[in-house]
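Notes follow once the structure below has been shown.
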Amino acid sequence: MRLLAAVLTMVTIFAPGLYGDALLHGCEDLVTVSPTSQPDRQDTVTVHVDAPYVTQGRACLHMYLESPAEATGNTYLSWTLTIPPTDLSTNALLFDAATALPKTTQALYVRGYDEKGIAVVSWYSWKSPLSPEMKTFRLVAGATAPGLSWEPHYVEPGDVTKVVKLQFYIGTHGKGVPFDAYLDNVRAVPTETAYQPG
(Lines give C-alpha, C1' and ligand atoms only; values in the text may rest on other atoms or scores of the structure.)
Protein backbone atom coordinates (compact mmCIF):
# COMPACT_ATOMS: atom_id res chain seq x y z
CA MET A 1 0.00 0.00 0.00
CA ARG A 2 2.83 2.38 0.86
CA LEU A 3 4.51 1.56 -2.46
CA LEU A 4 1.30 2.36 -4.37
CA ALA A 5 0.97 5.69 -2.56
CA ALA A 6 4.58 6.56 -3.42
CA VAL A 7 4.04 5.71 -7.09
CA LEU A 8 0.90 7.84 -7.28
CA THR A 9 2.77 10.73 -5.66
CA MET A 10 5.55 10.50 -8.24
CA VAL A 11 3.03 10.36 -11.10
CA THR A 12 1.30 13.46 -9.77
CA ILE A 13 4.61 15.33 -9.56
CA PHE A 14 6.06 14.34 -12.92
CA ALA A 15 2.88 14.10 -15.01
CA PRO A 16 0.86 17.16 -14.02
CA GLY A 17 -2.70 17.09 -15.22
CA LEU A 18 -3.44 13.42 -14.68
CA TYR A 19 -4.83 14.07 -11.21
CA GLY A 20 -5.56 17.79 -11.32
CA ASP A 21 -3.41 20.77 -10.39
CA ALA A 22 0.35 20.26 -9.94
CA LEU A 23 2.74 22.64 -8.20
CA LEU A 24 5.76 23.11 -10.46
CA HIS A 25 7.71 25.58 -8.31
CA GLY A 26 6.86 26.87 -4.84
CA CYS A 27 9.19 29.93 -5.18
CA GLU A 28 10.37 29.38 -1.60
CA ASP A 29 14.14 29.13 -2.15
CA LEU A 30 16.82 29.84 -4.77
CA VAL A 31 18.07 26.27 -5.22
CA THR A 32 16.56 25.91 -8.71
CA VAL A 33 16.46 29.63 -9.59
CA SER A 34 19.14 31.33 -11.67
CA PRO A 35 19.48 34.88 -13.04
CA THR A 36 19.91 34.74 -16.82
CA SER A 37 20.34 38.38 -17.84
CA GLN A 38 22.95 41.04 -17.29
CA PRO A 39 23.91 41.89 -14.66
CA ASP A 40 24.24 38.22 -13.75
CA ARG A 41 23.97 38.81 -10.00
CA GLN A 42 22.22 36.48 -7.59
CA ASP A 43 21.10 39.45 -5.47
CA THR A 44 18.69 40.54 -8.20
CA VAL A 45 16.52 37.58 -7.16
CA THR A 46 15.70 37.11 -3.47
CA VAL A 47 13.26 35.18 -1.30
CA HIS A 48 10.45 37.33 0.11
CA VAL A 49 8.38 36.20 3.09
CA ASP A 50 6.08 39.14 3.81
CA ALA A 51 2.41 39.59 2.88
CA PRO A 52 0.66 40.33 0.61
CA TYR A 53 2.85 38.75 -2.07
CA VAL A 54 3.00 35.19 -0.70
CA THR A 55 0.06 33.26 -2.19
CA GLN A 56 1.09 29.72 -1.22
CA GLY A 57 3.61 28.23 1.16
CA ARG A 58 5.86 30.44 3.25
CA ALA A 59 7.61 32.63 0.66
CA CYS A 60 7.75 33.98 -2.88
CA LEU A 61 10.47 35.27 -5.20
CA HIS A 62 11.28 38.97 -5.60
CA MET A 63 13.16 40.26 -8.64
CA TYR A 64 14.58 43.79 -8.49
CA LEU A 65 16.94 45.89 -10.60
CA GLU A 66 17.67 49.53 -11.37
CA SER A 67 18.20 50.43 -15.02
CA PRO A 68 21.41 52.29 -15.90
CA ALA A 69 21.09 56.08 -16.00
CA GLU A 70 22.87 56.00 -19.37
CA ALA A 71 20.68 53.23 -20.84
CA THR A 72 20.22 53.62 -24.59
CA GLY A 73 17.36 51.13 -24.91
CA ASN A 74 15.22 48.86 -22.80
CA THR A 75 16.62 47.25 -19.66
CA TYR A 76 15.68 43.67 -18.81
CA LEU A 77 15.99 41.35 -15.84
CA SER A 78 15.37 37.64 -16.37
CA TRP A 79 15.56 34.50 -14.26
CA THR A 80 15.03 30.79 -14.88
CA LEU A 81 13.18 28.23 -12.78
CA THR A 82 13.91 24.51 -13.12
CA ILE A 83 10.68 22.49 -12.98
CA PRO A 84 9.71 18.80 -13.29
CA PRO A 85 9.19 17.75 -16.96
CA THR A 86 5.76 19.20 -17.76
CA ASP A 87 3.45 18.67 -20.72
CA LEU A 88 2.34 22.15 -21.81
CA SER A 89 0.46 20.74 -24.79
CA THR A 90 -2.26 19.43 -22.46
CA ASN A 91 -1.74 21.68 -19.43
CA ALA A 92 -2.07 25.40 -18.84
CA LEU A 93 0.72 27.21 -17.01
CA LEU A 94 -0.47 29.28 -14.04
CA PHE A 95 1.46 31.60 -11.73
CA ASP A 96 0.79 34.52 -9.39
CA ALA A 97 2.69 37.76 -9.97
CA ALA A 98 2.73 41.44 -9.04
CA THR A 99 4.98 44.49 -8.94
CA ALA A 100 5.52 47.18 -6.34
CA LEU A 101 6.66 49.52 -9.13
CA PRO A 102 3.89 49.51 -11.76
CA LYS A 103 4.93 52.77 -13.42
CA THR A 104 8.40 51.53 -14.32
CA THR A 105 7.86 47.76 -14.63
CA GLN A 106 6.44 47.80 -18.14
CA ALA A 107 7.20 44.38 -19.61
CA LEU A 108 6.71 40.73 -18.73
CA TYR A 109 7.86 37.76 -20.82
CA VAL A 110 7.31 34.08 -19.97
CA ARG A 111 9.10 31.35 -21.91
CA GLY A 112 9.33 27.58 -21.55
CA TYR A 113 12.25 25.40 -22.68
CA ASP A 114 12.49 21.69 -23.33
CA GLU A 115 15.35 19.37 -22.31
CA LYS A 116 17.44 20.50 -25.33
CA GLY A 117 17.11 24.18 -24.39
CA ILE A 118 14.63 24.96 -27.19
CA ALA A 119 12.01 27.63 -26.50
CA VAL A 120 8.75 25.79 -27.15
CA VAL A 121 6.30 28.27 -25.56
CA SER A 122 6.48 32.05 -25.21
CA TRP A 123 4.21 34.93 -24.14
CA TYR A 124 4.92 38.63 -23.61
CA SER A 125 3.56 42.13 -23.07
CA TRP A 126 4.94 45.67 -22.94
CA LYS A 127 1.61 47.04 -21.71
CA SER A 128 2.44 46.93 -17.99
CA PRO A 129 0.69 43.60 -17.28
CA LEU A 130 1.81 43.51 -13.63
CA SER A 131 -0.13 45.42 -10.98
CA PRO A 132 0.50 46.06 -7.26
CA GLU A 133 -1.90 43.26 -6.32
CA MET A 134 -0.95 39.64 -6.87
CA LYS A 135 -2.99 38.19 -9.71
CA THR A 136 -3.07 34.83 -11.41
CA PHE A 137 -1.92 34.47 -15.01
CA ARG A 138 -3.22 31.45 -16.93
CA LEU A 139 -1.24 30.68 -20.10
CA VAL A 140 -2.20 28.13 -22.73
CA ALA A 141 0.27 27.20 -25.48
CA GLY A 142 -0.65 28.77 -28.81
CA ALA A 143 -3.12 31.25 -27.30
CA THR A 144 -3.09 34.86 -26.18
CA ALA A 145 -4.13 35.29 -22.53
CA PRO A 146 -5.48 38.29 -20.63
CA GLY A 147 -2.43 40.49 -20.16
CA LEU A 148 0.03 38.44 -22.24
CA SER A 149 0.21 37.73 -25.98
CA TRP A 150 1.40 34.49 -27.60
CA GLU A 151 4.81 35.00 -29.26
CA PRO A 152 4.81 32.61 -32.27
CA HIS A 153 7.92 34.02 -33.96
CA TYR A 154 10.05 33.13 -30.92
CA VAL A 155 8.84 29.54 -30.57
CA GLU A 156 10.89 26.78 -32.26
CA PRO A 157 10.13 23.12 -33.03
CA GLY A 158 10.86 21.13 -29.89
CA ASP A 159 9.26 18.94 -27.24
CA VAL A 160 6.40 20.91 -25.68
CA THR A 161 5.43 17.76 -23.75
CA LYS A 162 8.61 18.00 -21.63
CA VAL A 163 9.16 21.58 -20.55
CA VAL A 164 11.89 21.61 -17.88
CA LYS A 165 12.73 25.31 -17.52
CA LEU A 166 10.64 28.47 -17.29
CA GLN A 167 12.17 31.86 -17.94
CA PHE A 168 10.57 35.07 -16.69
CA TYR A 169 11.61 38.52 -17.96
CA ILE A 170 10.65 41.95 -16.69
CA GLY A 171 11.63 45.14 -18.49
CA THR A 172 11.52 48.91 -18.45
CA HIS A 173 11.91 51.74 -20.96
CA GLY A 174 13.13 54.09 -18.20
CA LYS A 175 16.64 55.31 -17.50
CA GLY A 176 17.96 55.14 -13.95
CA VAL A 177 14.73 53.71 -12.57
CA PRO A 178 13.96 50.69 -10.37
CA PHE A 179 11.64 47.91 -11.58
CA ASP A 180 10.59 44.68 -9.93
CA ALA A 181 8.28 41.66 -9.76
CA TYR A 182 7.01 39.17 -7.22
CA LEU A 183 6.37 35.58 -8.31
CA ASP A 184 4.70 32.67 -6.52
CA ASN A 185 2.72 29.45 -6.94
CA VAL A 186 3.88 28.31 -10.39
CA ARG A 187 1.63 25.41 -11.34
CA ALA A 188 0.01 23.43 -14.15
CA VAL A 189 -3.65 22.54 -14.66
CA PRO A 190 -5.24 20.42 -17.39
CA THR A 191 -6.64 22.17 -20.46
CA GLU A 192 -9.72 21.15 -22.42
CA THR A 193 -7.94 21.12 -25.78
CA ALA A 194 -4.47 19.93 -26.78
CA TYR A 195 -1.89 22.22 -28.41
CA GLN A 196 -0.40 21.07 -31.71
CA PRO A 197 2.79 23.01 -32.55
CA GLY A 198 2.57 24.29 -36.09
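Some notes on this structure:
- Taking the charge dipole of the chain about its Cα centre, with +1 at Lys and Arg Cβ atoms and -1 at Asp and Glu Cβ atoms, the residue from LEU65, TYR53, ALA188 reaching farthest to the positive side is ALA188.
- Alpha carbon centroid spacing (whole Å) that separates region 176-198 from region 76-122: 5 Å
- The length gained by stretching the chain between THR82 and HIS173 to full extension, at 0.36 nm per residue less their Cα-Cα distance, is 29.9 nm.
- Point-to-point label distance, GLU70-THR46, nm (Cα→Cβ direction, 7 Å offset): 2.7 nm
- Cα-projected label distance for TRP126 with SER149, points at 7 Å along beta-carbon direction, nm: 1.0 nm
- Normalising the average separation of contacting C-alpha pairs (under 8 angstrom, six or more residues apart) by the number of residues puts the relative contact order of the chain at 32 percent.
- Rounded, prolate or oblate (a/c below 1.5 giving rounded, otherwise prolate when a/b exceeds b/c) for region 146-198 by Cα gyration tensor: prolate
- Two-decimal Rg to Rh for region 42-136 - Kirkwood Rh, Cα set: 0.96
- Accessible surface for the chain, divided over its residues, is 49 Å² per residue with a 1.4 Å probe.
- Only one of [x] -0.45, -0.55, -1.02; [y] -0.26, -0.33, -0.90; [z] -0.30, -0.37, -0.90 was calculated from the structure for log10 I(q)/I(0) by the Debye sum over Cα atoms at q = 0.08, 0.09, 0.15 Å⁻¹, and its label is [y].
- Accessible carbon and sulfur surface of the chain relative to its total accessible area, %, 1.4 Å: 57 percent
- Straight-line cross-link partners of LYS165 among the lysines, defined as a Cα under 17 Å from its Cα and at least 8 positions apart when in the same chain: LYS116.
- Sorting the segments 92-102, 134-144 by their mean number of nearby beta carbons within 10 angstrom, highest to lowest, gives 92-102, 134-144.
The values are calculated or read from the model by the stated rules, or taken from the named source; none is laboratory data. Just so we're clear, the structure is a prediction, and the values are computed from it rather than from any experiment. Don't worry about glycine lacking a Cβ; one is built from the backbone with ideal geometry, like all the others, and counts go over all protein chains shown. SASA here: full protein model, heavy atoms, side chains in, ligands and nucleic acids out. Shrake-Rupley method; radii C 1.70, N 1.55, O 1.52, S 1.80 Å.
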